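The values are calculated or read from the model by the stated rules, or taken from the named source; none is laboratory data. What you see is a predicted model, and the numbers here were worked out from it, not measured in a lab. Please note: Cβ atoms are built from the backbone with ideal geometry, for glycine as well, and neighbour counts cover all protein chains shown. The accessibility values were calculated without ligands, DNA or RNA, using every heavy atom of the protein model including side chains. Shrake-Rupley method; radii C 1.70, N 1.55, O 1.52, S 1.80 Å.
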Amino acid sequence: MHTQPKRLEYDVVIVGSGAGGGMAAHVLTQAGANVLMLEAGGWWDNTKDSQMMKMPYDSPRRGASTPERPFGEFDACVGGWQLPGEPYTKAPGTKFDWWRGRMLGGRTNHWGRISLRFGPDDFRRKSIDGLGDDWPVTYNEVAPYYDQVDKLIGIFGSVEKLPNHPDGIFQPAPRPRCHELVVKQAADRLGVWCIPSRLSIITKPTNGRAPCHYCAQCNRGCMTNSNFTSGNVLLIPATKTGRLTVVTNAMAREVTVDAKGNATGVSYVDKASGKDLHVKGRVVVLAASACESARIMLNSKSSRFPQGIGNSSGVVGKYLTDTTGTDVGGFIPKLTNHMQHNCDGVGGGHIYMPWWVNNKKLNFPRGYHIEVWGGLGQPSYGFMGGIENYPNFSGYGAGLKEDYRRFWGATVGFSGRGEMIPNADSYCEIDTAQKDKWGIPVLKFHWKWSDYETNQVKHMQETFRTLIAEMGGEVWGAMPGKDKGYGISNGGSIIHELGTVRMGNDPRTSALNAHQQAWDCKNLFVADGGPFVSQADKNPTWTILALAWRTADYITQQRKAGAL
Amino acid sequence: MQRRDVVKLMAAASLAAIGLGAPEVARAAEHAQAALQGGAPAYTPIFFTKTEWPVVRSLADLVIPKDARSGGATDAGVPEFMDFIMNENPGSQKWMRDGLKWLTAEHRTRFNRDFVQGSAAQQREVLNDIAFPKKAKPAFKAGVEFFTRFRDLTSSGFWTSRMGVKDIGYMGNITLSAWDGCPEPQLAKLGVSYKMSMRAVRKG
C-alpha cells in the first residue's frame, strides 16, 4: 500500500482496481511493466479485514446496514447507491441507480461470483436478429482467455454442452441444498434447464489458495481467499512482483495529453489532502467502471479533444445498458418444519437456470437466466420480516413463536437476469450544472426500458409463478401490471452497467478497436464494462476479466514492438 | 475478548457510522452486551422514555414469550436491542413513538388504564385488533402498521440473539472440510435425493 507514486513516470497507469483493472495490473506486472494504480477508495485485504465468521449477536446492530455498508455491517463492500460528496443526477422521469464501490478490488467485493462465459451468439447478435451490433471479436478469439481466467482464478461448474452456454475448465460443483433439489425437480418437469451454478469459488486448492470451507459468507470477504476478488486474487499477489504501486483514496479527474494527442498520464485528487496531483504514464488504462470511465473520458477535454478524449465518434456515454431484473418469491408448504441442519454451502445458489427458450417463438428478442434463493441462512437483522403473510399465522404469542420456527426456510424465490438491447434513450452525459466535492463535473443519467425488456420481464414473472405452483407453493403477491413494467428493476440496480465506451470495427461508430484501444489515442485503453457492445443473458465479470487479459497482452506486445 | 474491549470496539464502530456521543453509544453497547450475557443490570434506555420503556418490554414479551424451548423477548435483550436500533436511525423513530402513543391511548380509551396495567385479557383484546393485517378493520390501520413493524423488530432482535439462534437451530457459519449437502432424512421428507440427475431436461 502506498499513498504516493514512487516514480516520476510509469509504464502503465491504471485507473480502478476492480475486475478489469486488477487483471490488467496482474498481467502487465507479470510481463515486466511498472504499473501505478489509482483507486478512489481505501485499502482492503480480506485475510485481515473480513467479518466472515461473525454471528449476528457479535454486534448490537445484528448485521443491519450502516451508511458505509448498505448491504449490512458485515458485508465487505464499502460503497453505495449514494456517496457523500459524489452526486450524480438523473433526467426527469429517469429511474436509474448507480452503485459505486470505493475500496481495493472495487465491486468484485460485491457480487454473487456468478462467472458465466458469453456464448458464441452473444458476440454476434445483430447478425442473428438484426438488433444492436456485432462485437469486433468472436467467441473463438476470447475463448483462450476465458480458459486462462478459469485456471488462474478458479471456478466450479459442470460440463453440460448446452448451446450458447459454453462450458469452462470447471472444478467440482457442490451438491445442491435440499430446497434447491425441490426447485430442480419442478424445473425438470417444466422443461426449464436447471444445472449446477458456475461460481468463482474454488472447491480444490488453486494457485496457493485454500478451497472453500462452506460458511456461505462470500459477500463478507473470504478470509481464506477461496473466492474471487480482484484485491486478494490479483492485486495483492501482483504487488509481490515489486512492480505494482497502488495509490488509494485517489479520485481520477482526467487523462492528460500532449500536443500530439497522446495520453501523458492521469491527474487525480488525493482525497486525504484534497490536493490535485498528477502521475505520468506511457500508457493509460481506464478500468473505473463503465460509467466512471466514460465520465473521465468526457471530462478529459483539450484543444485536441474538445468532446473528451477518445470521443471523436461521440459515442462515449451512449449505448448504456444494464441487466434486466425482477424477483418473485413464494411460500412452499412442503418446506415447513424442516429437520435442523447446516444448509450454508457456498455464498450463493448451488443451482441456476441458463436461458432455455428459442426467442423466435417469443415476443422479445433476448433471454435471461434465473437465480434461486431460499434455505436456512444465518439469521440477521430483518429475520422473517413479513411473517403476517404466511397462511394461518398466529399474530403474537406462543403460536407466533412456533410459526417462526416452522416457516423458517419455507420461502423460495427466483431472480431473473436478462439481456437489454441498447437504445437511444439510455445514456449518460456530463451534467454541466453540477460538480462533485472536488470540482469534477458529474454524470447525468437518462434511462428508458423498451417493450423488448418489459415483455421479457413479463415472461420471467410468468415462469417464476409457474415454478412456484409446480412446487406446490403460493406466490407472494400478484404480478405487477404493465404500468409497472411487470416489476422490472430500475436501470443500474442490477449493477451490470455496460457499453458506454463501446468497441467496434468502425471509428465513426465506436470509441475503441477490438483491443479496447482508443481509435483517437493509441496509448489509451479501457478495460472494464465500458467496451461491451451488448449485454448477454449472463453476468459480465468473466468477460471483463478475459478481455482485460487480452488487452494487457496486446499492450505488452505493442510495447515490445515499440509502438507505445 | 474482555468486555471492556468489546464495548470499545462497538463504540468505535458505531461512532464511525453515525454521529452519536461516545458515552451514549458505549452505554448502549455495554448494556446490549450485558443483556446478551444474562445478568443485565437495570437498563436505562436512551431513546425510549420512562413511560414508554415498560410498554416496550411488555409488548415485546407478548410478541415472543418464554416457552418450553427458550426465554422470551426481554430475556433475549430485545428491548435493549430496540433502543440501540432506534438511536442509530434518527430518521426512522417516528413510527415507534407514534405507535406507542397510539397503543397507550387505545388501551386507555377502552379500559381507562395504561397498557402495562391492563389485564392479560385486556391487552389481548387490543392486540387482536392490530395483529392480523389481513383481517383488521380499517379503523385500526395506524395500530396495525405500528404493530407489524414492532413484531418484525422483535423478531429481528430475538432470533439474532444467542438465545434465538440456538432456539431456531441455525447450525452454520462454521468451517467444513467438505460439503456433503443436506442430510438424507430431510431430503427423504421432501421427496428428493442426491441420486437425481443434475442434467438439464430438454423438452420441445
Being surrounded by fewer than 24 Cβ atoms within 10 Å (Cβ to Cβ) and either without any contact (Cβ under 8 Å) to a residue 60 or more places away in the chain or assigned to a loop (DSSP other than H, G, I, E, B) (or both), is that true of even one residue in segment A:543-553?
-> no
Farther than 21 Å from residue B:129 by Cα, in a helix (DSSP H, G or I) and facing chain A (nearest Cβ under 10 Å) - does that describe any residue in segment B:57-80?
-> yes
Subset of segment A:152-184 (residues that are open to solvent by 20 Å² or more (accessible area, probe 1.4 Å) and without any contact (Cβ under 8 Å) to a residue 24 or more places away in the chain) = A:159, A:161, A:167, A:169
Entirely in segment A:100-199, the helices (runs of 4 or more DSSP H) that have 3 or more residues that are farther than 24 Å from residue A:511 by Cβ and more than 12 Å from every other protein chain (Cβ to nearest Cβ) | A:139-153
Go over the candidates A:325, A:261, A:314 one by one and state the one that is among the small types (Gly, Ala, Ser) and either in a strand (DSSP E or B) or surrounded by 24 or more Cβ atoms within 10 Å (Cβ to Cβ) (or both).
-> A:325
Report yes if residue B:146 is without any contact (Cβ under 8 Å) to a residue 24 or more places away in the chain and not acidic (Asp, Glu), otherwise no.
-> no
Which residues, taken from segment A:222-232, are open to solvent by less than 10 Å² (accessible area, probe 1.4 Å) and β-branched (Val, Ile, Thr)?
-> A:229
Could you list, in sequence order, all residues of segment A:469-483 that are touching a helix residue (DSSP H, G or I) at 6+ places or on another chain (Cβ under 8 Å) and on the phi < 0 side of the Ramachandran plot?
-> A:470, A:471, A:473, A:474, A:475, A:476, A:479, A:480, A:482
Looking only at strands (runs of 3 or more DSSP E) that fall completely inside segment A:344-426, which ones have 2 or more residues that are open to solvent by 10 Å² or more (accessible area, probe 1.4 Å) and more than 7 Å from chain B (Cβ to nearest Cβ)?
-> A:368-373, A:411-418
So which residues in segment A:554-564 are in contact (Cβ under 8 Å) with a residue 40 or more places away in the chain and part of a loop (DSSP other than H, G, I, E, B), if there are any at all?
-> A:563, A:564
Out of all the residues in segment B:119-132, which are within 13 Å of chain A (Cβ to nearest Cβ) and open to solvent by less than 50 Å² (accessible area, probe 1.4 Å)?
-> B:123, B:126, B:127, B:129, B:130, B:131, B:132
Within segment B:151-168, is even one residue surrounded by fewer than 16 Cβ atoms within 10 Å (Cβ to Cβ), farther than 30 Å from residue A:470 by Cα and more than 9 Å from chain A (Cβ to nearest Cβ)?
-> yes
All but one of (1) within 22 Å of residue A:33 (Cα to Cα); (2) in a loop (DSSP other than H, G, I, E, B); (3) of a type outside the set (D, E, K, R); (4) open to solvent by 50 Å² or more (accessible area, probe 1.4 Å) hold for residue A:278, so report the exception by its number.
-> (2)
Could you count how many residues in segment A:35-82 are in contact with a helix residue (DSSP H, G or I) (Cβ under 8 Å, 6 or more places away or on another chain), within 9 Å of another protein chain (Cβ to nearest Cβ) and in a loop (DSSP other than H, G, I, E, B)?
-> 13
Count, please, the residues in segment A:379-418 that happen to be more than 28 Å from the chain's Cα centre (by Cα) and of a type in the set (Phe, Trp, Tyr).
-> 6
Residues of segment A:501-538 being of a type in the set (S, T, N, Q), within 20 Å of residue A:22 (Cβ to Cβ) and in a loop (DSSP other than H, G, I, E, B), which ones?
-> A:516
By residue number, the members of segment B:176-196 that are hydrophobic (A, V, I, L, M, F, W, C), within 7 Å of chain A (Cβ to nearest Cβ) and more than 14 Å from residue A:343 (Cα to Cα) are B:190, B:192, B:196
Does residue B:113 fit the bill of being in a helix (DSSP H, G or I), surrounded by fewer than 20 Cβ atoms within 10 Å (Cβ to Cβ) and out of contact with any strand residue (DSSP E or B) (no Cβ under 6 Å at 6 or more places or on another chain)?
-> no
